[in-house]
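A.B. asks: This structure is in structure tokens; I'll ask about it shortly.
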């Protein structure tokens, strides 16, 4: 009779199956929403603006002349200086400023002349020269101008340079360490930006769920842990789609820009593994922060509450990121170990480590530890949710804010 | 006859931030029954239902749902329509039904097929491909109701299902509940409208102030109040009046009084032997409303009436 009503199509879902039902719904709902278009375009705006600004800046730089050295000497000295400049320029190139004759006057006034692009004025005489200019400029030109004057004083042909045999090597220890640090830092920054951008989306997704009142249907049908996990995985999958799109656009920009974009040095574990670690540590970092945001979302009932509660977490995440960056310079010390063990900084620290250290086994341990932390945060978040959100107290009972629920004193039992 | 229990609960207690929401709830819902949870708004009906379904855990007490003490593990055999209706606005109607089935373990393909079938059956086939946001409130409520039933559950729980429905749809829902029960499905619903419970329920739990002063068959609740006797006599006085409860006064030709504890037979004998000249005699059994007043108290009854008036007012507006 009644038992026969449960047909072959219906069966008890495992927690993972239940999570996948939520993940599938959320993934497609977000993917086919207008929000996703804005989500995709969001990071592209700064990139496009940056590229445009860079292009305009470069164009402006090209149009603006390099600062020149104004020569306020007598005619003979000016000629000698010009000849010396002609002799030295092939060897020194851009290190030697271009020179321009300036009518004798007050050097300070000449420097204010907007019609010329003078960085400094050389006055006095070749034997007793005076260089007038801003502190930075005269410090920068002191050496080259001294060399130029010495050449002008010297009689005869310039000395022959001995031929230097050039033997390039692939690398040196100092160079490798320094360049891999650059890769590590770049990786950390990219990881941080992506995680911060995407983890917040989980929060707004949960608040929306509360708003449309579907959450009680979900909570009655499947464990809250599955709801949370499903939402995290859906957003992770959405993030991956976003990253693929952004990488595609980034690749196109790179191809279009050619050599003007610097290439990062190869990381210690090699590029393929480094990229794989990037995906894994992004996922872990995202899941960690996302689970924390979900726990916060479970406490909040309004968007305003969500903003109030998530702001300190965002700030703390920034601190954690700076800490992980600092730990880069403290390899082997307790600082690095703490950064690796603290769940929220662990993905950053380990991703950076992949850039500078080829040993692989610590990554397996770290990924396991981070996964366990995710499970812990999801469980805590789900419990908080069941404890604080799914309730309908007696009519007239005063609602307490999320802050009060977290830190306020408990009301005495009635 | 011993019934298997769809739900059994004992001593359920829930506090929210120190405020006692539900205190010491004992329930036993037989399989296949239509069971009402009756009480005014804020009495603890929703909290009780949420505890029974495992949406929240009780602070004290225990419950079993379809024999399991982990209610969520039986979700595939349960349908639940919460008081606050909610659907994803961007979902199509049949997809929304399929999704609710998927949450309960029904395959999506089968859910979609049944979703279209159910919508057709309810005369909403034309709206199957419409997004929920494009449906009227009543249509959206029907979609959610069908989503609650799509996986053909053994136990269906409706929290205030009649709220916000017009009279026609209330009638349709009553019919649906009866049909479900005929098919062997256990139906539990909460309500603050006594008439629904009286018409539909085999058993009720009366809940007021977070406590359940009565849980059992509707007849048992009504039997808490002695039946009223309405007697019309030819004689105005005589020995027969000794059989009437003390202080009973005539109202025209009629006498209204509570049936004596000794029952109807001794009363009849005394009236006949005393030559009362019985013109008419009717015994009126107490209604559920009177039983509610008796069991839950005047204040709870007044609250219940105020809730009903408020709802009627809202619908009129």
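The values are calculated or read from the model by the stated rules, or taken from the named source; none is laboratory data. Everything numeric in this text was worked out from a predicted model, so none of it was measured. Here the Cβ positions follow ideal geometry from the backbone for every residue, glycine too, while neighbour counts run over all protein chains shown.
A.B. asks: Could you say which residue among B:133, B:113, B:104 is surrounded by 24 or more Cβ atoms within 10 Å (Cβ to Cβ) and more than 22 Å from residue B:191 (Cβ to Cβ)?
C.D. replies: So the residue among B:133, B:113, B:104 that is surrounded by 24 or more Cβ atoms within 10 Å (Cβ to Cβ) and more than 22 Å from residue B:191 (Cβ to Cβ) is B:104.
A.B. asks: Considering only the range B:73-84, state which residues are modelled with pLDDT under 90 and either surrounded by 21 or more Cβ atoms within 10 Å (Cβ to Cβ) or in contact with a strand residue (DSSP E or B) (Cβ under 7 Å, 6 or more places away or on another chain) (or both).
C.D. replies: B:83 - this is the single residue of the range B:73-84 that is modelled with pLDDT under 90 and either surrounded by 21 or more Cβ atoms within 10 Å (Cβ to Cβ) or in contact with a strand residue (DSSP E or B) (Cβ under 7 Å, 6 or more places away or on another chain) (or both).
A.B. asks: Among the residues of the range B:143-154, is there at least one that is surrounded by 19 or more Cβ atoms within 10 Å (Cβ to Cβ), at the interface with chain A (Cβ under 9 Å from one of its Cβ atoms) and in contact with a strand residue (DSSP E or B) (Cβ under 6 Å, 6 or more places away or on another chain)?
C.D. replies: Within the range B:143-154, one or more residues are surrounded by 19 or more Cβ atoms within 10 Å (Cβ to Cβ), at the interface with chain A (Cβ under 9 Å from one of its Cβ atoms) and in contact with a strand residue (DSSP E or B) (Cβ under 6 Å, 6 or more places away or on another chain).
A.B. asks: Would you mind stating whether residue A:293 is assigned by TED's automatic domain parsing to the domain that holds residue A:186, touching a helix residue (DSSP H, G or I) at 6+ places or on another chain (Cβ under 8 Å), under 24 Å from residue A:179 (Cβ atoms) and buried (at least 22 other Cβ atoms within 10 Å of the Cβ)?
C.D. replies: In short, no.
A.B. asks: Being closer than 20 Å to residue A:227 by Cβ and more than 8 Å from every other protein chain (Cβ to nearest Cβ) is the filter here; which residues of the range B:37-53 pass it?
C.D. replies: Result: B:49, B:51, B:52.
A.B. asks: Exactly one condition in (1) out of contact with any helix residue (DSSP H, G or I) (no Cβ under 6 Å at 6 or more places or on another chain); (2) within 14 Å of chain A (Cβ to nearest Cβ) is not met by residue B:226; state its number.
C.D. replies: (2)
A.B. asks: Let me ask you something else. State yes or no: is residue A:82 away from chain B (no Cβ under 14 Å), touching a helix residue (DSSP H, G or I) at 6+ places or on another chain (Cβ under 8 Å) and at pLDDT 80 or above?
C.D. replies: Here the answer is no, as residue A:82 does not meet what is asked.
A.B. asks: Continuing with the same structure: Among the listed residues B:206, B:283, B:295, which satisfies the condition of being part of a strand (DSSP E or B), in contact (Cβ under 8 Å) with a residue 24 or more places away in the chain and under 25 Å from residue B:12 (Cα atoms)?
C.D. replies: Testing whether each residue is part of a strand (DSSP E or B), in contact (Cβ under 8 Å) with a residue 24 or more places away in the chain and under 25 Å from residue B:12 (Cα atoms) leaves just B:206.
A.B. asks: On to the next question. So, residue A:406, is that one within 14 Å of chain B (Cβ to nearest Cβ), surrounded by fewer than 18 Cβ atoms within 10 Å (Cβ to Cβ), closer than 28 Å to residue A:284 by Cα and modelled with pLDDT under 85 or not?
C.D. replies: So residue A:406 passes the test.
A.B. asks: Follow-up question, since we're still on this one. Which of the residues that make up the range A:27-53 are within 14 Å of chain B (Cβ to nearest Cβ) and at pLDDT below 90?
C.D. replies: A:29, A:30, A:31, A:32, A:33, A:34, A:35, A:36
A.B. asks: Take the residues in the range B:95-122 that are touching a residue at least 12 places away in the same chain (Cβ under 8 Å) and not in a helix (DSSP H, G or I), then tell me which one is farthest from the other protein chains (Cβ to nearest Cβ).
C.D. replies: B:122
A.B. asks: For the range B:124-200, please list each of the helices (runs of 4 or more DSSP H) lying entirely inside it that holds at least 1 residues being under 15 Å from the mean Cα position of the chain (by Cα).
C.D. replies: Counting at least 1 such residues, we get B:167-182, B:194-200.
A.B. asks: If I go through the range A:315-347 residue by residue, how many of them are more than 24 Å from residue A:372 (Cβ to Cβ) and either outside the structural domain of residue A:181 (by TED's automatic domain parsing) or outside any loop (DSSP other than H, G, I, E, B) (or both)?
C.D. replies: So the answer is 6.
A.B. asks: Looking at the range A:298-317, is at least one residue touching a residue at least 24 places away in the same chain (Cβ under 8 Å) and closer than 28 Å to residue A:273 by Cα?
C.D. replies: Taking every residue of the range A:298-317 in turn, at least one turns out to be touching a residue at least 24 places away in the same chain (Cβ under 8 Å) and closer than 28 Å to residue A:273 by Cα.
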